[in-house]
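Structure, as structure tokens:
The values are calculated or read from the model by the stated rules, or taken from the named source; none is laboratory data. Keep in mind the model is a prediction, meaning the values are calculated, not measured. Neighbour counts run over all protein chains shown; Cβ positions are idealised from the backbone, glycine included. The protein model used for the area step is the full one, side chains on, heavy atoms only, and it has no ligands, DNA or RNA in it. Shrake-Rupley method; radii C 1.70, N 1.55, O 1.52, S 1.80 Å.
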Amino acid sequence: MDILHRQLAAVQQKLSWVQTEPINWKLYVQAFSWTVTLFESYLLLRQYPLYSKKAPPAALEKDFEPGAFEKSQAYGKDKAKFALFSGLYKQILDSTLLHFGFYAWSWQAAGQLIAKLGYNSKYEITQSIAFVFILYFLSTIPTLPLSVYGTFVLEEKHGFNKTTPKLFVTDMIKSWLLAFTFGAPFLAAFLKIFQWAGDRFVPWLMAFMISFQLIMVILYPTVIQPLFNKLSPLAEGDLKQRIEGLAVKLRFPLKHLYEIDGSKRSSHSNAYFFGLPWAKHIVIFDTLIQQSKPEEVEAVLAHELGHWFFMHPTKMLFISQVHIFSILALFPAFLHAPPLLASFDFPPHVARAPPTIVAFLLFQMILTPIEAVVSIIMNAVSRKFEFEADRFAVDLEDRVRATGGEKAAAGMNDMGERLGRALVSLHVKNLSTVWVDWLYSAYHHSHPTLTERLKGLEQFQAEKMKKRN
């Protein structure tokens, strides 16, 4: 532990200039955030002409019914225009709030609020919680029209929206209550660690955040998700037998198999698993069951179990922890930097002793361009994992045969073909675009494009057959 602290202290020594140099951090943040927003707008403008193509790629022409491709292109075009407008709107809003000292005002308002409750500025954690929720609520209100338009105009126009106005409002209120119920204790513990550990907070904060994530793995399916969706045991039948059989053959620790009423809000479909290492839960959207055949859903689940087999969630968790550690290792220099707060219009008496939460939020803004690069790297890793999971589905027959014999592997020889059919079907029915600019995809997509995955499945199948011969 001492070695770690010495290394972290050396990093802080090299960043000591942050605490004294009168840098105009607000100008840098404005420039950084606008650079990222304009780059994202540029990517949308690269992608937009592809929505004017008149036909799908040749390999997919047979999969589109008359008019389906045109609907897909229209949906993509509308989403792109909305994304371009909403991205610029949010950036203008954020830039305006930053320019007029919204964060400094919010800290002052939080102090005034807790003063009415009998607390003074010595109660930094209480004021910090009030500060965060003032920011959260006041920054949410101007973007509500975007959410309303996206749900009740854009998604409604293209036949996906199932959310009623009452459900929309109810979901929003529930989200706010959950944010306070879980956010306030988390934030209090987060800040308490800073007070207790001082500048040696990094390993303790890492341990706390990992523990919190594990707790949420337990609480999300049992407490949070039932507030929004109904999880029902998957009905008896062919699909349930296929999935349970697959889990047994792979020794997947399946505890519960659920169907979720995703159609309550949208016609889009999905499937996923979650849980602790010894007790996993599989959730399948009712829309996926309605849109796909049982053997195709089984292939989708075979892909998902590939992620489990190769420990992709654990690897992504590890990568994210390295990322968080890197951020926390740089933070102490900014935590004790009065010039940082002064540049964002905080009064001298606040800047002289920077509140932890304020310094951390401003520090996060400074990292905006770095985070954009990190997201590209994370997407690249995620796409690699997707290909590995696809290969797993193709090779599943051989894996099961090696451990369970010919009888256990029966009926799995076409798993890759079934996965391909399922992917095509889901893309077509969800009106997903099949023409994608490579740079746009690299920045935005955590999954390979449909054509990339289909080519990959063909290659994996060919390699499988070559090994047998």
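Any residue that is under 24 Å from the mean Cα position of the chain (by Cα), not in a helix (DSSP H, G or I) and not charged (D, E, K, R) - is there at least one of those in the range 289-300?
No, every residue in the range 289-300 fails to be under 24 Å from the mean Cα position of the chain (by Cα), not in a helix (DSSP H, G or I) and not charged (D, E, K, R).
From A110, A83, A115, grab the single residue that is of a type in the set (A, V, I, L, M, F, W, C), open to solvent by less than 30 Å² (accessible area, probe 1.4 Å) and either without any contact (Cβ under 8 Å) to a residue 60 or more places away in the chain or in a helix (DSSP H, G or I) (or both).
A110
Within the group V428, V381, which residue is out of contact with any Leu (no Cβ under 8 Å at 6 or more places or on another chain), modelled with pLDDT under 90 and among the β-branched types (V, I, T)?
After ruling out the rest, the residue left standing is V428.
Kindly establish whether A247 is over 25 Å from M412 (Cβ atoms), open to solvent by less than 10 Å² (accessible area, probe 1.4 Å), out of contact with any Gly (no Cβ under 7 Å at 6 or more places or on another chain) and outside any loop (DSSP other than H, G, I, E, B).
Here the answer is no, as A247 does not meet what is asked.
Are there any pairs, at least 6 apart or on different chains, whose C-beta atoms fall under 6 Å, with the first in the range 265-280 and in contact (Cβ under 8 Å) with a residue 24 or more places away in the chain and the second among the polar types (S, T, N, Q) and surrounded by 15 or more Cβ atoms within 10 Å (Cβ to Cβ), and if so, which?
R265/T163; S267/T287; H268/N430; S269/T287; S269/Q291
If I ask for residues that are within 19 Å of A83 (Cβ to Cβ) and at pLDDT 90 or above, which ones from the range 153-169 would you list?
Passing the criteria: V153, L154, E155, E156, K157, H158.
Picking from R391, R383, which residue would you name as being open to solvent by 20 Å² or more (accessible area, probe 1.4 Å), in contact (Cβ under 8 Å) with a residue 60 or more places away in the chain and within 21 Å of the chain's Cα centre (by Cα)?
R383
Hey, could you check the range 290-320 for residues that are open to solvent by 50 Å² or more (accessible area, probe 1.4 Å) and either within 16 Å of G262 (Cβ to Cβ) or touching a strand residue (DSSP E or B) at 6+ places or on another chain (Cβ under 7 Å) (or both) and say which is modelled with the highest pLDDT?
Residue satisfying both the conditions and the ranking: W308.
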